[in-house]
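Everything on this sheet refers to the single structure shown next.
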Amino acid sequence: MTLIFQIVSPFTTIEHDSVSMVTLPGADGMLGVMPKHATCLVDLQPGIIKIYKNKDILKRYITHEGVANITPERCTVSVEEFHEIDDLDPKVLEEDIKRYHNDLAGVDIEVEERILEAKIKATEKMLEVARQHFKK
Amino acid sequence: MANLKDLRKRIQVVKSTKKITSAMKLVATSYLKKAEGRYHSGLSYRNGFQGVVDRLCRNLKAIDTEKENELIVGRKGDKCLLILLSADRGLCAGFNGNIGRYASKRIQVLQEAGKKVHVLCIGKKAAGALKPNHKQLVEKIISMPTDRHYHDVSILVEKVIKDFYEEKFDTCEVIYNQFKSILACLPRCEPFIPVQPSKESLQNKNQDLYDMEPMDDEFVNKITTKYLVAHLYAAVVDSQVSEQSSRMMAMDSASRNAEDLIGKMELKYNRTRQSIITSELIEIISGAEAL
């Protein structure tokens, strides 16, 4: 018995068939999803998603905050941004944060300010998670 | 009979026009490929959230909320906001005209039902394609740069939600050109606020009850906002891919038309030149015979 795992962002979609287990960074703590998991919606915070196939880690993705839609056969994660951790250079995230700060300096609309601040917060958290991962 | 110099000039003009339309066709093809990538990802992202929202709408009563979420359950009222998506530029056949006419029809239907309609245009061209008496309903025209669609859509949706809670409108619909194939795109109107479950979800009545972590207002609001952003983003990229395919087809037919025109004019030019030569020869021969 296996699980289909899909991760979607506005810019990329990746699907893995035949996954044994997925661990997700839930807002209330880490969460393991295996085949026949109860149907649920989970709030995700920035962190690392690990995909297991036969006890081995198949892939690791670092993600922005989002939502996971879990059914017994499928786990769909919808996030604004994600990166495969082995391909990620923390400098990219640092540059993103710098760019958001520059954008924030030139913004005078309250809504845009709020969105940029949320982006900075989420990217900083992603950077923190990435740094912790690379330390290990 | 047109003189040779004029014909030569006209042939040159049509040839330069053909060069421009061919170049524009190549540019539109390249944009179309990029837009298709964004379109598929945008659609998957929206479908991901649609599944979540379908479940959310079904299980709303089980969620511990302080008050009903008006973005999902809706609100009674007669003010309707239409978000109209079009292109910023022309030269894309009937793309802008079709959406303008479709929007005018929708406005008429809503007005006949006693609704007060306001229009928000994304793209500069749609407002011009509306019927003259509907142009005054346009509140704002926004232009959206290609490279930062998602960011701009997030900001726009936040503003729309803010206006909804300030009771500036009670329902909202999105009108855009839906991409069917490179040859065809159809105008489409979709309800935006209140959030609607998909048709499949309404037909399938045997869905499990959902657990939610956490089960509170904040999470429901987060999902609803993200779904609305995903919905509008999918519509924007859908409209953009339709625009590029329309422009590509329009430029292709313009190039072929220019080719036909050049062929016809060259034939005319050669006939005229030949007739001038013939008449000159006749003059020389008749002159020689007279001597």
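For the reader, a short list of remarks on this structure follows.
- For segment B:21-59, a tally of residues being among the β-branched types (Val, Ile, Thr) and within 13 Å of chain A (Cβ to nearest Cβ) returns 2.
- Positions within segment B:235-291 being touching a strand residue (DSSP E or B) at 6+ places or on another chain (Cβ under 8 Å) and either without any contact (Cβ under 8 Å) to a residue 12 or more places away in the chain or not hydrophobic (A, V, I, L, M, F, W, C) (or both), in sequence order: B:Asp238, B:Ser239, B:Ser242, B:Glu243, B:Ser245, B:Ser246
- Tally of residues being part of a strand (DSSP E or B) and away from chain B (no Cβ under 12 Å) across segment A:6-24: 7
- Remark: pairs (first residue in segment B:112-134, buried (at least 16 other Cβ atoms within 10 Å of the Cβ); second residue among the acidic types (Asp, Glu); Cβ separation under 7 Å; 6+ apart in sequence or on different chains) = B:Lys115/B:Asp78; B:His118/B:Glu139; B:Val119/B:Glu139; B:Leu120/B:Glu139; B:Gly123/B:Asp88; B:Lys124/B:Asp88; B:Lys125/B:Asp88.
- Criterion violated by B:Leu183 - all others in (1) under 30 Å from A:Cys40 (Cα atoms); (2) assigned to a loop (DSSP other than H, G, I, E, B) satisfied: (1)
- Count of segment B:149-178 residues, restricted to those that are under 23 Å from B:Ser246 (Cβ atoms) and either surrounded by fewer than 14 Cβ atoms within 10 Å (Cβ to Cβ) or away from chain A (no Cβ under 14 Å) (or both), is 6.
- Considering (1) touching a helix residue (DSSP H, G or I) at 6+ places or on another chain (Cβ under 6 Å); (2) not in a helix (DSSP H, G or I), the lone condition that A:Val77 does not fulfil carries the number (1).
- Counted residues, segment A:25-61 - those being aliphatic (A, V, I, L, M) and within 14 Å of chain B (Cβ to nearest Cβ): 8
- Qualifying position, being within 14 Å of another protein chain (Cβ to nearest Cβ), among the aliphatic types (A, V, I, L, M), touching an Asp or Glu at 6+ places or on another chain (Cβ under 8 Å) and within 17 Å of B:Ala230 (Cα to Cα), among A:Val107, A:Val77, A:Val67, A:Val111: A:Val67
- Residues of segment A:80-94 classified as in a strand (DSSP E or B) and away from chain B (no Cβ under 14 Å), total: 2
- On inspection, B:Gly94 does not qualify as modelled with pLDDT under 90, out of contact with any helix residue (DSSP H, G or I) (no Cβ under 6 Å at 6 or more places or on another chain) and buried (at least 19 other Cβ atoms within 10 Å of the Cβ).
The values are calculated or read from the model by the stated rules, or taken from the named source; none is laboratory data. As the structure is a computational prediction, the values presented were derived from the model and not from experiment. Quick reminder, even Gly has a Cβ in these numbers, built from the backbone with ideal geometry, and neighbours come from all protein chains shown.
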